[in-house]
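This report refers to the structure that appears directly beneath it.
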Amino acid sequence: MAARVRALTRRPAWKALQAHYKQVRTRHLRDLFADDAQRGERLTAEVAGLYLDYSKNRVTDETVELLLQLAEESSLRERIDAMFRGEKINVTEGRAVLHVALRAPRGASIVVDGDNVVPHVHAVLDKMAAFATRIRGGEWKGHTGKRIRNVINIGIGGSDLGPVMAYEALRHYSDRALTFRFVSNVDGTDFAEAVRDLDPAETLFIVSSKTFTTLETMTNAQSARDWSLQALGGDTAAVAKHFVAVSTNGTKVAEFGIDTANMFEFWDWVGGRYSMDSAIGLSTMLAIGPENFRALLDGFQQMDEHFRSAPFKRNLPVLMGLLTVWYSNFFGAQTVAVLPYDQYLKRFPAYLQQLTMESNGKRVTLEGKAVTYDTGPIYWGEPGTNGQHSFYQLIHQGTRLVPCDFIAFSQSLNPLARHHAMLLANVLAQAEALAFGKTADQVRAEGTPDWLVPHRVFDGNRPSNMILAERLTPALLGALVALYEHSVFVQGVIWQLDSFDQWGVELGKVLAQRIIPELESREERELGHDSSTNNLIRRCRRRG
Ligand code: G6Q
């Protein structure tokens, strides 16, 4: 399919956008708003409880038309259909890409290699629900007969970031009688600090690893096993009561000593960073309960359906994906700031970093040709209002263009005095200040001395999206995550990338395997690295 699409820079819409950019790059949002009284209501779209106001972007109607034309010329429609049909669009790994099947309703049909995968998805969800009910109800007992009060997810990357983010995001809905911790880093500190105040007799470990071979996860799982068995009298039968696994690799799970009856399965057509709504979300389900988990899936599904069927001009992921292309490739923006004004979403930027940067941080096309344009931008961010007291200075007055995604909720889950009005006032004010700024005349009119005026001027014309919803619910979180998943897809299609592989993480892993024995060996070995690495290894061996 990719072969039928022209190289990006040869598409007519791309060339038209280049010419168009020259005309509009100096246009100010002040003028765009002054020229169109309806702009703030017109450049909006809404679905699944998410309202997107994209009017504070540096676009005219013509820009949007040309971007939509670019999407058409990039065969976006066909690529969306191919994903939903279960085609092997992850070409470098020869895999289908079907996170959308994880939230397909019971009774739907999505066929991979002749097999409808939807019944398998629901069988696992049912098994997870039965397990969650037993843990939450205290029916599942630990080895000594105590009920489980602590749940620790051991996983890394896609097997960690989604579960952590979802747990934090949905804490309001979680069972407060249970303690949740997440161990990912191979740094022993992560594990040691996670368990130091916990009773092994009341602690359940979920070993979450698609491959069940990941160095960090297996090392932490082994330490967890030692920690449990040491406290539980060394009886290996205890493992079955205190360890469950989420994996695609039954053989390795059994080798570790986990009863495969307590293994929750997923499949190779689920990418790690797209897996928080698969069995990888077991900790989420334990925290919020099966019903809330189903609501989360419903939210995902609503966004999937919208992405698959809504016309592009009202399609939220399409619009957001195209806007990112506009800033990355025409304005030369290097980053996107994601700024949730909700403390529960404090881990959302970290989650998005993997989703976006592992997906589109690529330098060759699907056909293996080096790209001649920039691809995935750097995503970063912190919750507001905290960021306002730190890095917003650069966004307002620095030399770089940083498109921002603001995320806000009109209702608080913790209404407390006037806090929420203050929070909302701040997010709205930031978007306004970025767009419209403050001119030298305005600054002077305030009585500012001339020498200080340049320092106090805000150029404005700094773009942002505002994603506004009523309240942070499980369904809303599902819709929000799916919005970004599909926005990333749109960007990857335009840039002709395989957004679903991650070869870039391999080399470091291989080199680390070579260095481990060099660090651990008793005798001084001959080292075959560069002089810097050799020297550093020697220093580490001396513990210097
Ligand atoms: C995600 C990546 C990566 C992966 C981790 C953990 O898309 O593939 O972050 O999730 O390396 O892998 P395992 O689940 O196999 O341990």
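Across the stretch 406-458, the qualifying residues are those that are out of contact with any Gly (no Cβ under 9 Å at 6 or more places or on another chain) and of a type in the set (Lys, Arg), and the one among them that is farthest from Trp380 (Cα to Cα) is Arg444. Out of everything in the stretch 125-145 that is aliphatic (A, V, I, L, M) and surrounded by 20 or more Cβ atoms within 10 Å (Cβ to Cβ), what residue ends up being farthest from Ala101 (Cα to Cα)? Looking at the filtered set, the residue picked out is Ile135. Would you say Ser521 is polar (S, T, N, Q), buried (at least 17 other Cβ atoms within 10 Å of the Cβ) and either closer than 29 Å to Leu17 by Cβ or out of contact with any Cys (no Cβ under 9 Å at 6 or more places or on another chain) (or both)? No: the conditions fail for Ser521.
Looking across the stretch 279-327 at every residue that is crowded, with 24+ Cβ neighbours inside 10 Å and of a type in the set (Ser, Thr, Tyr), the one that is farthest from Trp267 (Cα to Cα) is identified as Thr324. Applying the criterion of at least 1 residues that are farther than 20 Å from Tyr167 by Cβ and within 13 Å of the ligand (Cβ to nearest atom) to the helices (runs of 4 or more DSSP H) found wholly in the stretch 182-296 leaves 215-231, 250-256. Kindly check whether there is at least one residue in the stretch 387-400 that is crowded, with 22+ Cβ neighbours inside 10 Å, touching a residue at least 40 places away in the same chain (Cβ under 8 Å) and under 15 Å from the mean Cα position of the chain (by Cα). No, the conditions are met nowhere in the stretch 387-400.
Would a scan of the stretch 123-134 turn up a residue that is farther than 17 Å from Arg294 by Cβ, away from the ligand (no atom under 15 Å from the Cβ) and assigned to a helix (DSSP H, G or I)? Yes, some residue in the stretch 123-134 is farther than 17 Å from Arg294 by Cβ, away from the ligand (no atom under 15 Å from the Cβ) and assigned to a helix (DSSP H, G or I).
Residues considered: Arg30, Arg6. Of these, the only one that is basic (Lys, Arg), touching a residue at least 60 places away in the same chain (Cβ under 8 Å) and in a helix (DSSP H, G or I) is Arg30.
When Tyr167 is tested against (1) part of a helix (DSSP H, G or I); (2) aromatic (Phe, Trp, Tyr); (3) closer than 30 Å to Gly233 by Cα, exactly one condition is not met: (3). Taking the criterion of being in contact (Cβ under 8 Å) with a residue 24 or more places away in the chain, of a type outside the set (S, T, N, Q) and within 16 Å of the ligand (Cβ to nearest atom), the residues of the stretch 334-374 that qualify are Arg347, Ala350, Tyr351, Leu352, Leu355, Glu358, Gly361, Lys362. Does Ser159 satisfy the criteria of being in contact (Cβ under 8 Å) with a residue 12 or more places away in the chain and either within 24 Å of Glu255 (Cα to Cα) or in contact with a His (Cβ under 6 Å, 6 or more places away or on another chain) (or both)? So Ser159 passes the test.
Yes/no per residue for (1) in contact with a Leu (Cβ under 9 Å, 6 or more places away or on another chain); (2) among the β-branched types (Val, Ile, Thr):
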position	(1), (2)
Ala7	no, no
Lys15	no, no
Gln23	no, no
Leu32	no, no
Thr60	yes, yes
Leu67	yes, no
Ala71	yes, no
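Every number here is computed from the coordinates shown, using simple stated rules; none is lab data. Computed from a predicted model, the values in this text were never measured in an experiment. Here the Cβ is made from the backbone with ideal geometry for all residues, glycine too, and neighbour counts use every protein chain on show.
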